[in-house]
Every structure is written in C-alpha cells, then in structure tokens.
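Only one structure is covered here, and it is reproduced in the block below.
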Amino acid sequence: MALSVPERIRGNPGIPKERQLVGSALVADLDESATVWYEPPFDVDDTRPHFVVLEPSIGVCVVMVFDQTEAQDALQAMRGHLRVTGDDEVANPLERANSFGHELGRRIQEEPALPDVPVGGLAAFPYLHRAEADALGFDSVIDVGHCLFRDDLDAARRGEAVMEVRLTHAL
C-alpha cells in the first residue's frame with residue numbers, strides 16, 4: 001500500500017467522491033515505495049493537479065480526474081472535449097494532466113541534484129467503463145491508453161496490480 005498525503009483519501013469529507021475512488025485505488029494498488037499526493041500545491045496561482053504519484057522505480061505521474069458525478073452520463077466526445085449530461089462540455093483531463101506533467105518535468109530537470117526522472121500524465125474516469133468509452137468514441141478525443149477507467153479502479157481495489165502497468169504506460 002502506497003503512502004498517501006493526506007493520510008486518508010477514502011472517506012475524507014474534503015475530497016469529492018470521484019477523486020476518493022481514484023486516490024484510494026492508487027494507494028491500495030501501489031506498493032509502499034510509492035507516494036500519492038492529493039492536490040499538492042503547484043504554482044503561484046494555487047493551481048493544483050488532482051493527484052501526483054511518485055513511483056520510484058517508474059517515475060512521476062500526474063493524474064487528473066474527469067469532473068463527472070455518478071449521476072451524470074458521459075454522452076459523447078467531440079471537438080477536443082467530453083460532453084456530460086446536458087450541454088456541459090468538460091476540458092480534456094489528459095491534456096490538463098500532461099500540461100502539469102510537462103511543467104513538473106521541467107522543474108525537475110532544472111534541479112541539478114535530481115536524477116533524470118520520467119514524468120507523464122493520466123486521465124481518470126471513475127464512473128465509466130473502458131467498453132463504454134470505446135462505444136462513445138473517446139479515442140477520437142483522448143488517448144485511452146493513458147486513461148484509468150472504472151474497470152481499472154475496481155481491479156486495483158481487488159488487488160490485481162494494474163496501476164503500475166498504467167503508470168508505466170503513461171511515461
């Protein structure tokens with residue numbers, strides 16, 4: 001089980017349920033050498049990625065959770081955005097994760113004491129199964145190989161060791 005900051009992600013009233021699902025799966029599935037930070041401070045504007053994961057044998061991965069509640073249905077993917085119930089378009093979470101990852105990687109490279117560390121990004125869809133994403137055409141908007149879906153989160157909680165594979169693929 002990975003170290004998490006804060007210590008408790010699941011059941012924390014200050015963390016939205018969809019992010020609790022993702023964070024608890026990361027913590028449960030990664031070994032004790034990994035650290036999972038929830039919303040670490042990132043820049044002067046107080047912009048924060050949802051999660052930053054350090055897996056020393058792999059690298060650093062920024063994980064952004066798709067802003068969708070359990071009650072909303074993802075309808076389609078179009079024009080670089082994902083649509084949810086109603087006409088709400090939500091920015092591509094993988095683009096945001098990669099943007100944070102790029103900036104974090106740049107900062108790591110500027111530190112001469114730090115080794116070259118791979119940095120990447122993942123998008124998480126805690127209420128969507130991979131087959132549903134395929135049927136909705138998500139691959140036209142987002143690299144689904146760099147995404148975590150409900151199947152992955154459920155498998156991680158069952159102890160099927162999927163997170164390390166997903167993190168490795170993202171880097």
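Note on E95 and Q109: their simple-model spin labels are 2.2 nm apart, each label 7 Å out from Cα toward Cβ. Would you mind counting up the charge near F138? Only other residues with Cβ under 10 Å from its Cβ, with Lys and Arg at +1 and Asp and Glu at -1. Charge balance in the 10 Å sphere: -3. Close amide H partners of F149, meaning residues 5 or more places away or on another chain with modelled amide H under 5 Å apart, are F125. Listed values for the stretch 12-23 are Karplus-derived 3J(HN,Hα) couplings in whole Hz (6.51 cos²θ - 1.76 cosθ + 1.60, θ = phi - 60°), namely 7, x, x, 10, x, 4, 5, 6, 4, 4, 5, x, and x replaces Gly and Pro.
Backbone phi angles across the stretch 122-129, fed through the Karplus curve with coefficients 6.51, -1.76 and 1.60 (θ = phi - 60°), yield HN-Hα couplings of 9, 10, 10, 10, x, 10, 10, 7 Hz in residue order; Gly and Pro are listed as x.
Quick one: net charge of L171's neighbours, Cβ under 15 Å, K/R +1, D/E -1? Residues near L171 contribute -3 overall.
Solvent-accessible area per residue in the stretch 1-66 equals 44 Å², computed with a 1.4 angstrom probe and all protein chains kept.
The values are calculated or read from the model by the stated rules, or taken from the named source; none is laboratory data. Predicted model only: the values in this text are computed from it and were never measured. Neighbour counts are summed over all protein chains in view; Cβ atoms, including those assigned to glycine, are modelled from backbone coordinates with ideal geometry. SASA here: full protein model, heavy atoms, side chains in, ligands and nucleic acids out. Shrake-Rupley method; radii C 1.70, N 1.55, O 1.52, S 1.80 Å.
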